Every structure is written in structure tokens, then in C-alpha cells.
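Read through the structure below, which is laid out as C-alpha cells, and then see the notes.
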Amino acid sequence: MKYKLEIITVIAIIIFIGIFLYTDTLVQATGEEGWGGSDGLGSEMLEAQGYEQWIDNSDYTFTPPSGEIESCLFALQAVFGGLLIGWVFGSWYTERRLKKNPN
Amino acid sequence: MHIMEGFLPSPWWQIWWILALPCIIYGFYKLRSILKENRELLPLLGVAGGFIFVLSALKLPSVTGSCSHPTGTALSAITFGPWITAVLGFIVLLFQALFIAHGGITTLGANAMSMAIVGPVVGYYVYKGLDKINFNFFANVFIAAFLCDIVTYCVTSLELALAFPATAGGFVASFGAFLGVFALTQLPLAIIEGLVFVVIFKYIIMLKPELLIKLKVLSEEKMKKVQGEIEE
């Protein structure tokens, strides 16, 4: 089948979303705020043991002052990556089409 | 997998920096020599770096009720090898440390070690090993990409467990606890990442198979076989 790999991947993503929706009902039922980052969870475990952070990003650069600004920077990161990927794949595709059909 | 700034005490952050630095410098040297020989590879390098940028910005929800992100290092690791990947990954981590407060300068060595070095090294050598015994190409890419991702998180757990052994049970107990937070959350994401990279490799084979032959990702005969499989 020509699109076998794509179909498997799409099905896996749908299952993944399904699992998320199901897990979310469980998380909502507990009434606690879920879906934090695992990076943060690891650090919270250490803080619970009494560890104190000895240096912070804002000591030398910058911590995004709000969630909106952080998501803006993350989006910019993804945009630059995506632009690069789209541009290169687009030129490869055109190059191949021109080789096959010079007009 | 980011260890947050200030969460690795001395001497651990220095140790990881010292271990990571030679790999990154060697990567710079390899990157320069490969681009000098072959300007054609520059677009593929851009795509490989682009995927690390995009995928490591995506925080996805997982079965454990917390979010984590894929690493995106597999394309670069399989095509350019782990040392050049170390450079690309380092650039992404530096960007995140300076501008998004994810990870930091002191923990950058440890974060580079997990995401940009050990993960790609494992993925790359497993790919090469399975390629030698003529394993199916797409299944091999899936396994390599899965490992690039999951090993990264295992290394992060290891780094934290070494720095913070539990009072009861020591290093092993602590390692288990961190694996529960990081690796378990990562498992479904690693499977999705593996599948996504399989599709990406399919498109590269359709558009630019000669680059993969040049980089010795596939031999010419095997490439013909894989191309046959795609067109069926």
C-alpha cells in the first residue's frame, strides 16, 4: 500500500489524542491542576526534599514574565524550524519536478 | 528533559560541562569538514536542525497527566551522526536557556549530554548495527528515533539521581523515582516521534535519495529495495 506508513502514523496520533482526552477526564475528576511539565515535576520533587535552587535564569538573562510571552517565544522557535523545513522540502520537490519535466 | 537552572549543585554541573564540551567541539570540527567537502548537504542540515527546533518546542500531554516534549534529534543523528547532532542540539538548548528560561547556563552541560549527545549516540549506533544485519529500513528508523528520544530522558533521570541519591535506598531508589517522572511520561511521545520520523525519511527518499547514499545512511542496493517498497 502506497500510504501505509502515513496511515499507521495518523492512527497512532488519533490513539494518542484519545488517550489524552480519557486521561484528562480522570485528571479533571481529581480537581487538581494537571498537565504541568515533567521538567517542573522533577524540580518539585527536589524542592520537596528541601533542596534550594542556587541560581536562577533571571540572575543573568531573562525569564519570560508571563505564560503568554513564553508561548510567543516557543511559537517563534517552532516557526523558524518550520520555515526552514518547508522551504527546503519545497525546493527539493520543485527541483525533482523540473528534472522529470523540464517545461 | 530540561534540568532547570540551579537544580544541579557543584560539582555535578561542572562534571557534565566537562564531559559535554569535547563532544561539541569535535562536532564543530566535523561539521566544518563535511560542509567544506559537500555544500549540497547544507539544506539537509537545515532540515535536521529545523526538526530539533520544532519538536523540542512542542509540549505534549502524556498518560501520566503531565506534559513533556519530544527531542527531534533522530533525523540529524541517523544522517549526520551523533557529533554534528551534538552541535545542533546544543544551539537549540542554548536558545531555550537564554530566552525561554528552560534549562540554564549551569545545567546546559547536563542537558546537552542527555538530549544532544547520549540519546543520538545510542540511536545512531543501534541504527548502524541493525543496518548491518539488513534489518527493514523503516522499522530501523523507528527504533533509532524511539531510542534517541527515550534514552535522553533516561540520562536526565540518571543525572538527577547521581546528584540527588535518596536518603533511603540511595542512587537506585532515586533513579527509579526520576524514571517514573521522566521516562514513563515520555514513552508514548517517543513512539509518536519514531513514527513521524519514519514518514519524514520516506519523503526524503522520494525527493533526495542521493543525499542519503552520500551520507552512507543506505547503500545503493538497499536504497533500490526501499524505493521499490514505497512505490508498491
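Just so it is clear, none of the values below were taken in a lab; they were calculated from the coordinates. None of the values given here were measured: they were computed from a predicted structure. Cβ atoms come from the backbone with ideal geometry, glycine included; neighbour counts cover every protein chain shown.
Here are some residues: A:S43, A:S91, A:S66. Which one is out of contact with any Ser or Thr (no Cβ under 6 Å at 6 or more places or on another chain), surrounded by 12 or more Cβ atoms within 10 Å (Cβ to Cβ), polar (S, T, N, Q) and within 30 Å of B:I105 (Cβ to Cβ)? The match here is A:S43. Restricting attention to segment B:210-225, the residues being more than 22 Å from the chain's Cα centre (by Cα) and of a type in the set (A, V, I, L, M) number 1. Candidates in segment A:16-31 are the residues that are among the aliphatic types (A, V, I, L, M) and out of contact with any helix residue (DSSP H, G or I) (no Cβ under 9 Å at 6 or more places or on another chain); of these, the one that is nearest to B:K59 (Cα to Cα) is A:I17. The residues in segment A:46-60 that are part of a helix (DSSP H, G or I) and more than 7 Å from chain B (Cβ to nearest Cβ) can be counted, and the count is 4. Out of all the residues in segment B:171-190, is one or more in contact with a helix residue (DSSP H, G or I) (Cβ under 6 Å, 6 or more places away or on another chain), free of Cβ contacts under 8 Å to residues at least 12 places away in the same chain and away from every other protein chain (no Cβ under 11 Å)? Within segment B:171-190, one or more residues are in contact with a helix residue (DSSP H, G or I) (Cβ under 6 Å, 6 or more places away or on another chain), free of Cβ contacts under 8 Å to residues at least 12 places away in the same chain and away from every other protein chain (no Cβ under 11 Å).
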